[in-house]
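What follows is a short report on a single structure.
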Amino acid sequence: MPMRMEVQNISELSSQRVSISDDQEIAGNSDLEQSKYEEIREWIEKQAQKGSGSNKALEEGNGTEITNQKDYVLPKPPAKPKLRPHKLERAFSLDEKSWQRRFKTSQGSLTDLHESGSSSGSLQEAAVTGDRPALGSDLNHEHPSSGQNHFALESSLLTASRIDMTSASKKVKPSSKSKPRLAHVKPSQPLPQLEFNVTSRALRTSNKIDPDYMDYKQRQILRHSSSLSDTRLLGTVCDHCSNDSLRSTYSLLTPIRSKDVRNRSYLEGSLLASGALLGAEELDRYFPDRRMGIFIATWNMQGRKELPESLDDFLLPPDDDFAQDIYIIGIQEGSPDRREWEVRLQETLGPHYVLLHSSAHGVLYLSIFIRRDLIWFCSDVESSTVTTRIVSQIKTKGALAVSLTFFGTSFLFITSHFTSGDGKVNERIQDYKKIVEGLALPRSVPDTNPFRSDPLDVTTRFDEVFWFGDFNFRLNKDRNGVNSILQHNLVKDMSQLLQYDQLIKVMNGGSIFKGFQEATIEFLPTYKFDIGCDQYDTTSKQRTPSYTDRIVYKSRQKGDIKVLKYASCPLVKTSDHRPVFGLFEVRIRPGRDNIPLAAGLFDRELYLLGIKRRISRELQKRQVIKNQKSSAVCAIS
């Protein structure tokens, strides 16, 4: 009877050991530990069977008791590390608890055995085979109160180390269910550093900055606030903060101190005044290189009511990557429906631009569109007109001028229509003289340099002057001679035609456009075409092709105006003239706050109407594409 009790105790002990091994298997969640404890369980069962067989033999033989139990001592599985009560009993704050939940979630994703082939395997392997003391010390140093997480991480590292030692000694093959582990990949070369400039390609790509704000310069003084958007840029870019740039809490705008708000005056100031609205600081903020882009266009519409289907090729040439800051469009013999023409301009330029000013003198139209975030730096817009043909009831010949000051640079834009006729050169010269003497500008806006102004020449009272329109100067050559030159398939060299140009001849003689310049002409004559085609005049009059539509410019300071492009738009064929446009880069200087400002005023009604037109046009395009996709008829073009 005592022998049976001992055997029962041994079986109970073995069952307890087996349950312990099962508990260890469940706690470990590792296939390697499972294979290890299966071998231990098999060995225990064999020893139990041997013990029960020997006891049975002794009981049947002589009935003696077994007193030596050293043969039945079982090996103990690895024990868990001792708990640290002083850390487990510690109370955690709300921030620590939220950090623990995030840590557990990330740790669970690293040890998920159901995921195969993911990148978390390489992270898990790196965590196990890396520098374990450094990891533990860093974790304890950064979060001294997170005892449970530290204990869990330490336990997992110890268990993983025992598994690695056991697999290395016994060469236990992993089961088929084990997840393949990826090796820790390190970059072959150091990653490139991000540029500090906000316009760098890396920051623009990661933060998706609007390309329209490429000319903004990042300021050194940045606002610290946790309530700002997470998509703002970091104030300083360093080696370790490239990942944090996606969650930045900084603003690109310069913070304003309460002291400056109390003392700042927006009505008075000087060139060197700190914080002036039109001063150097504000100018450098929007134009770091102090240069802005200006689009100048002139077009004789021949008084036709029909407008082109699209003005994109005219205002937004396809070979230009960026739009300009200001658009100036001068029209001669404009469409009878002037409002419709302005709506079409707003529809083409889109919501980034607003109509700052629009003037008309008979059939002469002049429209100024400006980027809406630059409207605050413009002075009041002033206009003046001159009529050169008094007898005519409809003002078709004359000039329309508009002036304004942007920061500290004054501008004068003149569109004009001179007397027509092949041989009327003197009449056109008289028109020019009458215009420069008759335009009464500026009025209330002060002259930026009155010592260099001439009361008999309006073009001397402004820093930058652009004069464009239908000047009606022709080529001093017959039609057959011009046709023979055009048959040579001229590409960009128009010198064979320009040697007969009347305007170039009188400008070189100094009798007209004194001090003005014109960019090199590399396009075909813009007058006179048959409507809707590229053929020059085929009527009985056989008018000679000529460069009647021109753009000239002048500046007080040499080098202030740089020509980027000077071309015509041959795709617009609704008139006998082809539109001519120029892209210019103009130097801007800081100004004073003692000028009357436009105060952000623009044609809001036109803006809303143009945007609605643009949206409806896009919806119609989408509907057409949708109908084409759903149609069962295949159209071959």
With the crude spin-label approximation of a point 7 Å out along Cα→Cβ, what separation in nm comes out for ARG338 versus ARG617? 2.2
At a 1.4 Å probe radius, carbon and sulfur cover how many percent of the accessible area of the stretch 317-435? 49
Between rounded, prolate and oblate, where does the stretch 370-449 land on the alpha carbon gyration tensor, with a ≥ b ≥ c its root eigenvalues, rounded for a/c under 1.5, else prolate if a/b exceeds b/c? prolate
Per residue, how much accessible area does the stretch 272-423 show when a 1.4 Å probe rolls over the protein heavy atoms, in square angstrom? 34
Can you tell me the accessible area per residue over the stretch 444-559, all protein chains present, probe 1.4 angstrom, in square angstrom? 48
Arrange the peptides 333-345, 37-49 so that the one whose residues have, on average, the most other Cβ atoms within 10 Å appears first. 333-345, 37-49
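Considering only protein heavy atoms and a probe of 1.4 Å, how much of the accessible area of the stretch 450-598 is carbon and sulfur, as a whole percent? The partial results should precede the final answer.
Values: 3220 of 6610 Å².
Here carbon and sulfur together make up 49 percent of the probe-accessible area.
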How much area per residue is accessible in the stretch 571-613 when the probe is 1.4 Å and only protein heavy atoms are counted (Å²)? 44
What distance in nm separates the two pseudo spin-label positions at ASN489 and HIS352, each 7 Å out from Cα along the beta-carbon direction? 3.8
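Beyond 21 Å between alpha-carbons counts as too far, so tell me which of LYS395/LYS424; LYS505/LYS565; LYS395/LYS434; LYS397/LYS433; LYS528/LYS573; LYS305/LYS621 fall in that bin. If you can, show how the numbers build up before the last one.
Values: LYS395/LYS424 19 Å; LYS505/LYS565 23 Å; LYS395/LYS434 15 Å; LYS397/LYS433 14 Å; LYS528/LYS573 11 Å; LYS305/LYS621 25 Å.
Pairs exceeding the cut-off: LYS505/LYS565; LYS305/LYS621.
Starting from the residue with the highest accessible area, list HIS488, HIS352, HIS357, HIS577 in decreasing order, probe 1.4 Å.
Final ranking, largest accessible area leading: HIS488, HIS352, HIS357, HIS577.
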Quick one: which residues, 5+ away or cross-chain, put their amide H under 5 Å from the amide H of SER546? H built at 1.01 Å from N. THR526, TYR527, LYS528
Return the distance in nm (one decimal) between the two label points of a simple spin-label model at ILE625 and GLU309, each offset 7 Å from Cα along Cα→Cβ. 1.7
Explain nothing, just compute: Karplus ³J(HN,Hα) = 6.51 cos²θ - 1.76 cosθ + 1.60, θ = phi - 60°, for every residue of the stretch 624-630 in order, whole Hz, x for Gly and Pro. 5, 5, 5, 5, 5, 5, 7
Length released on extending from ASP422 to LYS558, taking residue separation times 0.36 nm less the Cα-Cα span: 45.5 nm
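The values are calculated or read from the model by the stated rules, or taken from the named source; none is laboratory data. What you see is a predicted model; the values in this text were computed from it and never measured. Note that we place each Cβ from the backbone using ideal geometry, even for glycine, and neighbour counts take in every protein chain shown. Heads up: the accessible areas ignore ligands, DNA and RNA and are worked out on the full protein's heavy atoms, side chains in. Shrake-Rupley method; radii C 1.70, N 1.55, O 1.52, S 1.80 Å.
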